[in-house]
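The values are calculated or read from the model by the stated rules, or taken from the named source; none is laboratory data. Bear in mind the structure is a predicted one, so any value in this text is a computation, not a measurement. Positions of Cβ are backbone-derived with ideal geometry, glycine not excepted, and every protein chain shown enters the neighbour counts.
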Amino acid sequence: MIRDLSSPKPNDAGNLVAQVPLETEERSSGFYFSLVLDVLTVAFAFWTGLMYQSFLTGEASLGGVAAVATLFGTFLAVGLYLTRHAGRRILVIVGVIVGLFLFTLTPGNAAYVGLSAILTFLLLLWGEALARARIANSLEVRFTHGVQPLLSKATTALVFSGLILFIPIWTPAKAFLSPAEFNSYYEVIGGTLHRFYGEINFSGTFDQFASSLARYELLGNADFKRLPPSRQAAVTEEVTVKVKENLGKTLEVKVEEGKKSMGAIFYKLSMRTLGDLQGKFGTWFLVGWAILLFAIIRGVGVFLYWIAGLLGLLMFHILLLLGITRLRGETRTQQVAEYI
C-alpha cells in the first residue's frame with residue numbers, strides 16, 4: 001500500500017508550528033554597505049589621528065593631514081544621510097573620537113588629549129543635531145546644504161583640538177614653517193616682487209640682494225646718471241658697501257653670512273622674532289599665537305569642508321546610480337498649537 005505523504009505525521013498533527021515553513025530575514029545590499037560606510041568613517045578618523053601624530057613628530061606635513069581629514073569629512077557627511085538611527089551614529093562618533101586621539105595620547109599630554117576629545121565629541125554631536133534638524137525641515141534632499149552644519153562643527157573641532165595638542169611641544173621652530181616650506185613660499189613671493197621691481201634680486205644671496213638694491217636706488221638719482229661711467233662704478237661700490245652694512249644691522253646678518261640666500265636669512269629672522277616675543281610676553285604670546293593660527297587655519301578649513309561636501313555629494317549620486325541607495329517621498333503629519 002502506498003502511503004499518503006500529504007497527510008501529517010501522527011506526532012506532528014497537533015504541532016502547528018512544525019507545519020509552518022520557517023522564514024529567514026534577508027538583508028539588503030544597502031544594509032551591508034551602511035556597515036562598510038561606518039567602518040570607513042572610523043578608519044579615516046584613525047588615519048587622520050595617525051597623520052597628525054606624524055606631523056607633531058615632524059614626519060608628515062600639515063597638507064597631508066588636511067587631505068586625509070577632508071576624506072574623513074566626506075565619509076562622515078555621507079553617513080549623515082544614510083544612517084538614520086541616532087544611536088548608531090553616536091556609536092560611530094565615539095569610534096571617531098577614539099581614532100582621532102588614540103595615537104596622540106602619551107602620559108605627558110593626557111589632560112590635553114582628554115580636553116580635545118571631549119570638545120570634539122560635543123561639537124560633533126552639536127553639528128549632527130543641527131544637520132539632522134536642517135534635513136528634517138527640508139522638502140527635498142539638498143546634500144551640501146544638509147551636511148554643512150556637521151562639517152562646519154567638525155572642522156572647528158579638529159582645528160581647535162589640533163592646537164590644544166600642539167601646546168605641549170610648542171617651540172618657535174615647530175610653531176612656524178619648516179625651512180624648506182618657508183623657502184618655497186618665499187620663492188613665490190620673491191618672484192612676484194621681482195615682476196614689479198625687476199632690478200632687485202629678491203631670490204639670490206644677501207650680497208646679491210644688497211648690490212641690486214643699491215643699484216636700484218642710484219638709478220632713480222638724476223645726479224648719478226650725469227656722472228661719467230668710471231665715477232658711476234665707484235659710487236655704486238660705495239653705496240653697496242653702505243647698504244650691506246645697514247641691512248646687516250637690520251637683519252642681523254654677519255659679514256661671513258653674505259653668501260646665504262635671502263630665504264634662509266628671513267627664516268632665521270622669523271625664528272629669532274618668535275623667540276623674542278615668547279620670552280617677552282610668555283603665556284600671553286602663546287594665547288595670541290593660538291588665536292591667530294586658529295583664525296588662519298579655520299579660514300582655510302572653510303574651503304576644505306566645502307571640498308568634503310562636494311566629494312560627499314559625488315559619492316551620494318554614485319550610490320544612487322548604482323542602485324545602492326534611492327530617494328523616496330514621505331508624508332507626515334505635524335502637531336501644532338492653535339487657539340480654539
Inset, instruction - Would you mention how many residues in the range 292-340 are surrounded by fewer than 12 Cβ atoms within 10 Å (Cβ to Cβ), modelled with pLDDT under 80 and in a helix (DSSP H, G or I)? - result: 3
Inset, instruction - Among what's in the range 192-235 and is in contact with a Leu (Cβ under 6 Å, 6 or more places away or on another chain) and assigned to a helix (DSSP H, G or I), pick the residue that is nearest to Phe266 (Cα to Cα). - result: Ala210
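Looking at Glu257, Glu245, Glu252, Glu181, can you tell me which residue is out of contact with any helix residue (DSSP H, G or I) (no Cβ under 6 Å at 6 or more places or on another chain) and surrounded by 16 or more Cβ atoms within 10 Å (Cβ to Cβ)? Working first, answer last.
Working: Glu245 fails: surrounded by 16 or more Cβ atoms within 10 Å (Cβ to Cβ); Glu252 fails: surrounded by 16 or more Cβ atoms within 10 Å (Cβ to Cβ); Glu181 fails: surrounded by 16 or more Cβ atoms within 10 Å (Cβ to Cβ).
Unique residue meeting the criteria: Glu257.
Just to check your reading of the model, which residue among Ser34, Ser61, Ser29 is modelled with pLDDT under 90, exposed (fewer than 15 other Cβ atoms within 10 Å of the Cβ) and among the hydroxyl-bearing types (Ser, Thr, Tyr)?
Values: Ser34 fails: exposed (fewer than 15 other Cβ atoms within 10 Å of the Cβ); Ser61 fails: exposed (fewer than 15 other Cβ atoms within 10 Å of the Cβ).
Only one candidate passes the filter, namely Ser29.
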Inset, instruction - Would you mind finding the one in Ala210, Ala175 that is modelled with pLDDT of 80 or more and touching a helix residue (DSSP H, G or I) at 6+ places or on another chain (Cβ under 9 Å)? - result: Ala210
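Listed here are the residues, each with its yes/no results for (1) in contact (Cβ under 8 Å) with a residue 60 or more places away in the chain; (2) among the hydrophobic types (A, V, I, L, M, F, W, C); (3) within 26 Å of Trp289 (Cβ to Cβ).
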| residue | (1), (2), (3) |
| --- | --- |
| Asn183 | yes, no, yes |
| Asn201 | no, no, no |
| Glu245 | no, no, no |
| Met262 | yes, yes, yes |
| Asp276 | no, no, yes |
Inset, instruction - Return the residue satisfying two criteria in turn: it lies in the range 82-125 and is touching a residue at least 12 places away in the same chain (Cβ under 8 Å) and either polar (S, T, N, Q) or outside the structural domain of Gly49 (by TED's automatic domain parsing) (or both), and of such residues it is farthest from Leu56 (Cα to Cα). - result: Thr83
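Restricting attention to the range 103-151, report how many residues are acidic (Asp, Glu) and within 30 Å of Ser54 (Cα to Cα).
Initially, the range 103-151 is screened for residues acidic (Asp, Glu), giving 128, 140.
Keeping just the survivors that are within 30 Å of Ser54 (Cα to Cα) gives 128.
Residues in the range 103-151 being acidic (Asp, Glu) and within 30 Å of Ser54 (Cα to Cα): 1 in total.
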Inset, instruction - Pick out, from the range 68-172, the helices (runs of 4 or more DSSP H) lying fully within it that include 3 or more residues that are surrounded by fewer than 18 Cβ atoms within 10 Å (Cβ to Cβ) and out of contact with any helix residue (DSSP H, G or I) (no Cβ under 6 Å at 6 or more places or on another chain). - result: 86-101, 110-136
